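Visitor: Please see the structure below; I have some questions.
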Amino acid sequence: MFIVDYKSIEDKWKKRWLNKGIFEANPTKRKKCFVTFPFPYVNGPLHLGHSFTATRVDVYARFKRMQGFNVLFPFGFHATGEPILGVAERLKKGDDAQKQILLREGISEDEIEKFKDPKYIVRFWQKRIENDAKNLGLSVDWRRKFTTIDPTFNRFIEWQYNYLKKKGYITQATHPVVWCPHCQSPTGDHDRLVGEGESPIEYVIIKFRFDDKILPAATLRPETVFGVTNIWIRPDSEYIVAEVDGEEWIITPTAIEKLKDQLHHVKVKDKIKGRSLVGKYAKNPVTGKEIIILPASFVDLNNATGVVMSVPAHAPYDWIALQDLKKTKAIEKEYGIKLSDIEKIEPIKIINTSSIMGIPAEEFCKQFGVQSQLDKEQLDKATNELYRKEFHQGVLNENTKNYANLKVSSCKKQLAHDFKNQGIASSIWELTGKVVCRCSTETHVKILENQWFLKFSDFEWKKLAKKCIDQMKFYPEEARKQFEEVVEWLEDKACARKSGLGTRLPWDPEWIVETLSDSVIYMAFYTIAHYINEHKIESHYLKDEIFDYVFFGVGNPEKIANKGITKDLLLKMREEFEYWYGQDMRGSAKELIPNHLTFSIFHHVAIWSDDVEKWPKAYTINGMQQMYGQKMSKSKGNYITIQEAIDKYSADAMRITLMDSTEGMDDPDWTEKATLVWKNKLDNIYKILKENYNKGKAETILDKWLTSRMQEHIKTITENLENLKTKSAVTVLHLMINDIQWYLRRTKPGKALNYALEVLVKCFSPFTPFICEEMWQTMGKKEFVSISEWPKSDREIDKEVLQLEEFVKNLCEDLNEVIKLAGKKDNLYLYVASPKEFDYYNEAKDFLKKEFGFKKVVVFKSSEAEYDPEGKAKRAKFGKPGIYLE
RNA sequence: GCAGGAGUCGCCUAGUCUGGUCAAUGGCGCUAGGUUCAGGACCUAGUCCGUGAGUCGGUGCCUGGGUUCAAAUCCCAGCUCCUGCACCA
């Protein structure tokens, strides 16, 4: 039995690589290749998803290294943002759920205690991830590692943002966000328990006069103010009288908090019962009409102001509520309203839509089978449908005076604007649906003042980004279009937040640079990070002018040098940056296209606007790793960390299985079975190698054949790897193995077999580096296969032999079939059409005897056949000999 | 809804740009035989349908149309799946 001890092989070579520093790259005269991978976020170990992208990049790095490039593959750790801080804070508060999660990760109680310090969390996972990466066999130059919360890195980001600001790429604006009042921070889509996809939306407030006060009715359809017949109020609720921007408004308690967060001056004055308003009259500020205030149960106290204007012609809710009320005799007793006053309220139609003849709300209520205002589900459907229709097709009619004949879709904004100017309207922001923060607090909209934005909308900036994309290579090429699209629609992006780990904006330290914005040019930092690490350079020595010199070559190094950074060191840093930058290849999953990868392009062209050489040169995009056909998810149980996988299946088997899954933007799928199969295969290759390497020096026609075949394979696998087509490359590996096995079936080990096995091991080594080093050593090689020379297709290809051997293969197939029909026979007579075939088949006689158990094999030239009982000689064609068995 | 990508012989995948050499690559699985003091093994053959078999016939690359002497490949329409849609890493 033959079992490879992967564990010890992995340990052995991992250590040797590190000790010899073979992946540490320094500037030389050789051509460089700078390869990067988006650094992982350090709140957990590496998992299968990371390994797919990382291995792809590593395979490329190893391939290029063997091709003779001076390859730099660095690795860093992303720690900025909310999540890590969140873990620490939850633990500090004694959150048991958080503790349980960490316990389940296998972290000890003692350790968890230390997790209350976010910096400790970063250090903890950083160590773990570094180990994971090493165990996976990533060919990284570890001298250059850093985390994004290192003070030196913070200085780098400060420099970056100072520079961007100087160039005018940063602006300040006021902007509505989904806001958690507890966290005091915007609540992004991924930070929500409820309400993914919901966003802020602006309601227009129409100020209905009510004595000396104002009833602010909030609406998404300000144009319908011309059709208002009454106001709706929740009679059972308490309202607040408050001074808002110098006026007295009557609103719900929840509206108070919202308005405060939306740049209104709010002062609470008094409380008032909803029912006390019912039956009274207010004045429509647009039409001047006196309208009655009526009770309605559908009014949502948590939405906007809690005061609703009723447009029964166009709003299904209003229409049905009015119908309900007309049937409610009790209203006379309850509120002292005459039923006749309600009965005489008629809907006022103000929008004409070609397909709707009568009262739109009435028609839609009937169409959707709405019975009463409690029929919420159908009412919502009817409302949405009608709103859509009237928005796109509706035209305002004569009831709207100045706005008559305008399309709803085009006049909406103008109308709201006009009303605001006239002082009869205001606005309140609401959410399109309920949003609950991860901390379980319900959120609302806050208008953030003076927030800092990256001006991605800038026309000139976009133009540069497009130029960069035009010059770039994309693997696969299909990804290019999406980058072009993203640049097109990208708008200004908020680049700072109030909370989380990270770098403070140097000119406005209240703000912390947001995490997607501090990880766009960090790859440049790799080029100097090892100097900072080695010399233990303190952050305060890294002044802006140091970075200006290193990254732009601006300034006099003599003058810029300081106590922490000598002139020599400065010159070295500059040289290093100049040598390595830009990136020759960056690999990532497709989800990062619309954000990180595009942002990175934007920043590069902004910062090195005149130096095209520093721009990214190529991106390779892959799909999202799946497990057993499903998305990976911890809770669903289909989740595996790299360490678990390596322990169970070996790093090599994992790596090659992933590379064998898919190579485009489709999602790769991982199953245990495929990995086990690969593990066997690797075992078997090792076995074949041990049994056959250096076993013979003879040189036959088959050695010519094998060498020729290998030339073709080398050519294709090289092409495939140049284009990051890992799956296709693995297919070539299969073909190589098949050919070697055919060779061994055909003949005894000869000279070409050694060559083929060497090529095979080299070609496998980017995929399965550990076992390849072991095999290379077994073959008696002294240096590492990882830095050996990539095979070149530089030997003779004997096309004739390739063809003739193909004939032999075909002959075997034919013989199989004939024997299946005719049964086993002792003698084979072959009638061939050409002298070359004659010689070739004669050489193959022994093989045919062995393979099919013939006692005698005779080959005739068809023209000179001495024995031919069935006249097969006449039928012999080139490549298709006549066959006679007896 | 909007934008980008994709749908291939039981499964995963190559081929599509540049139409013919494509019943279509490689792997997995399956079937049969061999081998091995039995292991996640290895070797060989077969694996769309019909036929004992073929340099035979049929069907065939999401569905439906079209262009062409010729379509997996080009054009049009539809269906399904993946990713993203922002202040979140």
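Visitor: Counting only protein heavy atoms, what percent of the accessible surface of chain A is carbon or sulfur at a 1.4 Å probe?
Guide: Carbon and sulfur together cover 48 percent of it.
Visitor: A further question on this structure: Rounded, prolate or oblate: which fits segment A:448-582, taking a ≥ b ≥ c as square roots of the Cα gyration tensor eigenvalues, rounded meaning a/c under 1.5, else prolate when a/b beats b/c?
Guide: oblate
Visitor: Lys and Arg at +1, Asp and Glu at -1: add these up for the other residues within a Cβ distance under 12 Å of A:Val520 and post the number.
Guide: That works out to 0.
Visitor: Let me check I've understood the local charge: for A:Asp95, count other residues with C-beta under 12 angstrom from its C-beta, Lys and Arg +1, Asp and Glu -1. What total comes out?
Guide: +4
Visitor: For segment A:1-49, which chymotrypsin sites (Phe, Trp or Tyr not before Pro) are in a loop by DSSP, counting at most 15 other Cβ atoms within 10 Å? Let's see the in-between values first.
Guide: Values: sites: A:Phe2, A:Tyr6, A:Trp13, A:Trp17, A:Phe23, A:Phe34, A:Tyr41; in loops: A:Phe2, A:Phe23.
Of the chymotrypsin sites (Phe, Trp or Tyr not before Pro), the ones in loops of segment A:1-49 whose Cβ has at most 15 other Cβ atoms within 10 Å are A:Phe2.
Visitor: Still on this structure, please answer the following. What full-extension length gain, to one decimal in nm, is calculated for A:Val241 and A:Asp324 as 0.36 nm per residue of separation minus the Cα-Cα distance?
Guide: Length difference between fully extended and current span is 27.0 nm.
Visitor: Using θ = phi - 60° and the Karplus curve 6.51 cos²θ - 1.76 cosθ + 1.60, what whole-Hz ³J(HN,Hα) does each residue of segment A:487-501 get, with Gly and Pro shown as x?
Guide: Here the 3J(HN,Hα) series is 4, 4, 8, 4, 10, 4, 10, 4, 10, 9, 10, 8, 9, x, 7 Hz.
Visitor: Run through the DSSP bridge list for segment A:800-886 and note the antiparallel percent, rounded to the nearest 5.
Guide: Roughly 45 percent of the beta bridges in segment A:800-886 run antiparallel, per DSSP.
Visitor: Count the lysine pairs in segment A:1-103 whose Cα atoms sit under 13 Å apart, keeping only pairs 8 or more residues apart in sequence or on different chains.
Guide: Close lysine pairs found across segment A:1-103: 4.
Visitor: Hey, can you grab everything whose amide H is under 5 Å from the amide H of A:Ile356? Only 5+ residues off in sequence or another chain; H modelled, so Pro and N-termini drop out.
Guide: Hits under the 5 Å cutoff: none.
Visitor: Sticking with this one: Determine the shape class of segment A:68-193: with a ≥ b ≥ c the square roots of the Cα gyration tensor eigenvalues, call it rounded for a/c under 1.5, and otherwise prolate if a/b is greater than b/c, oblate otherwise.
Guide: It is oblate, given that a/c is not under 1.5 and a/b is not larger than b/c.
Visitor: How much FRET efficiency would the formula 1/(1 + (r/R0)^6) give for A:Lys836 and A:Glu886, where r is the Cβ-Cβ distance and R0 is 41 Å, rounded to 0.05? The partial results should precede the final answer.
Guide: On the way: r = 26 Å, r/R0 = 0.64.
FRET efficiency, A:Lys836 to A:Glu886: 0.95.
Visitor: Related question: Kindly list the residues of segment A:112-129 that lie in the label zone of A:Ser539, defined by a backbone N under 17 Å from the point 7 Å along the Cα-to-C-beta vector.
Guide: Within reach of a label on A:Ser539: A:118-123.
Visitor: Taking the Cα-to-Cβ direction at A:Asn19 and at A:Lys563 and moving 7 Å from each Cα, how far apart do the two end points lie in nm?
Guide: The two pseudo-label positions are separated by 4.1 nm.
Visitor: In terms of Cα to Cα distance under 27 Å, which lysines are near enough to A:Lys407, apart from those fewer than 8 places away along the same chain?
Guide: A:Lys207, A:Lys283, A:Lys289, A:Lys349, A:Lys366, A:Lys381, A:Lys389, A:Lys420
Visitor: Calculate how many DSSP beta bridges within chain A are antiparallel, expressed in % of all such bridges and rounded to the nearest 5.
Guide: Approximately 70 percent, going by the DSSP bridge assignments.
Visitor: List, in order, the whole-Hz ³J(HN,Hα) value for each residue of segment A:426-432 obtained from phi through the Karplus relation with A = 6.51, B = -1.76, C = 1.60 and θ = phi - 60°; use x for Gly and Pro.
Guide: Result, rounded to whole Hz: 9, 8, 9, 8, 10, 9, 5.
Visitor: Report the Stokes-Einstein translational diffusion coefficient (µm² s⁻¹, integer) for segment A:206-264, Rh taken as the Kirkwood radius over Cα pairs, at 25 °C with viscosity 0.890 mPa s.
Guide: 195
Visitor: Once you have the alpha carbon radius of gyration of segment A:4-72, what is it after dividing by 2.2 N^0.38 Å, with N set to its residue count?
Guide: 1.29
Visitor: Taking amide H positions as placed 1.01 Å from N in the peptide plane, with prolines and chain starts having none, which residues 5 or more places from A:Val857, or on another chain, fall under 5 Å of its amide H?
Guide: Close amide H contacts, sequence-distant or interchain: A:Leu828.
Visitor: Taking every DSSP beta bridge with both residues inside segment A:469-623, roughly what % is antiparallel (nearest 5)?
Guide: Beta bridges within segment A:469-623, antiparallel portion: roughly 30 percent.
Visitor: Calculate for chain A the 222 nm mean residue ellipticity that helices alone would give, adding -39,500 (n - 2.57) per DSSP H run of length 4 or more and normalising by residue count, nearest 500 deg cm²/dmol.
Guide: Helix contribution divided over all residues of chain A: -13500 deg cm²/dmol.
Visitor: Counting other C-beta atoms within 10 Å, and keeping those with at most 14, which DSSP coil trypsin sites (Lys or Arg not before Pro) do you find in segment A:388-455?
Guide: Passing sites in segment A:388-455 are A:Lys434.
Visitor: Right, another one. Determine Rg/Rh for chain A; Rg is computed over alpha-carbon atoms and Rh is the Kirkwood hydrodynamic estimate from the same atoms.
Guide: Numbers: Rg = 37.8 Å, Rh = 33.5 Å.
Result for chain A is an Rg/Rh of 1.13.
Visitor: Ok, one more. Just how many % of Cα pairs in segment A:296-364 lie over 17 Å apart, if you round to the nearest whole percent?
Guide: Percent of Cα pairs beyond 17 Å in segment A:296-364: 51.
Visitor: What does a probe at A:Leu821 reach in segment A:831-872, counting residues whose amide N is under 18 Å from the point 7 Å along Cα→Cβ?
Guide: Residues A:831, A:869-872 qualify, since their backbone N sits under 18 Å from the label point.
Visitor: Classify segment A:1-157: rounded, prolate or oblate, from the alpha-carbon gyration tensor (a ≥ b ≥ c, eigenvalue square roots; a/c under 1.5 rounded; otherwise prolate if a/b is larger than b/c)?
Guide: Cα axes put segment A:1-157 in the oblate bin.
Visitor: Debye sum, Cα scatterers, segment A:631-678, no solvent: what log₁₀ I/I(0) at q = 0.16, 0.19, 0.29 1/Å?
Guide: Here log10 of I(q) over I(0) equals -0.46, -0.64, -1.17.
Visitor: Next question, about the same structure. Counting only the backbone N, which residues of segment A:219-251 are under 13 Å from the spot 7 Å out from the Cα of A:Arg275 toward its beta-carbon?
Guide: A:234-238
Visitor: If you add up the charges near A:Phe577, with Lys and Arg at +1 and Asp and Glu at -1, over every other residue whose beta carbon is less than 14 angstrom from its beta carbon, what do you get?
Guide: Net charge around A:Phe577: -1.
Visitor: A further question follows. With each label point set 7 Å from Cα along the Cα-Cβ vector, what nm distance links A:Tyr755 and A:Ala698?
Guide: 1.8
Visitor: Just the accessible area per residue of chain A, please: how many Å² with a 1.4 Å probe? Mind showing how you got there, number by number?
Guide: Numbers: 39300 Å² over 886 residues.
Roughly 44 Å² per residue, with all protein chains present.
Visitor: Follow-up. List the pair-distance distribution P(r) of segment A:694-777, using every Cα-Cα distance, as the percent of pairs falling in each 5 Å bin from 0 up to the bin containing the longest distance, rounded to whole percents.
Guide: Reading upward from the zero bin: 3, 15, 26, 23, 18, 10, 4, 1.
Visitor: Give me a comma-separated list of calculated 3J(HN,Hα) values for segment A:796-804, in order, Karplus coefficients 6.51, -1.76, 1.60 applied at θ = phi - 60°, integers in Hz, x for any Gly or Pro.
Guide: Karplus-based 3J(HN,Hα) across segment A:796-804 equals 5, 9, 8, 5, 5, 5, 4, 5, 4 Hz.
Visitor: So, one more: Straight-line reach from A:Lys572: which aspartates and glutamates fall under 15 Å, measuring Cα to Cα and dropping same-chain residues less than 8 apart?
Guide: A:Glu534, A:Asp548, A:Glu558
The values are calculated or read from the model by the stated rules, or taken from the named source; none is laboratory data. On a predicted model such as this, the values are computed, not experimentally measured, just so you know. For neighbour counting, all protein chains shown are included, and Cβ atoms are generated from backbone atoms with ideal geometry for every residue, glycine included. The accessibility values were calculated without ligands, DNA or RNA, using every heavy atom of the protein model including side chains. Shrake-Rupley method; radii C 1.70, N 1.55, O 1.52, S 1.80 Å.
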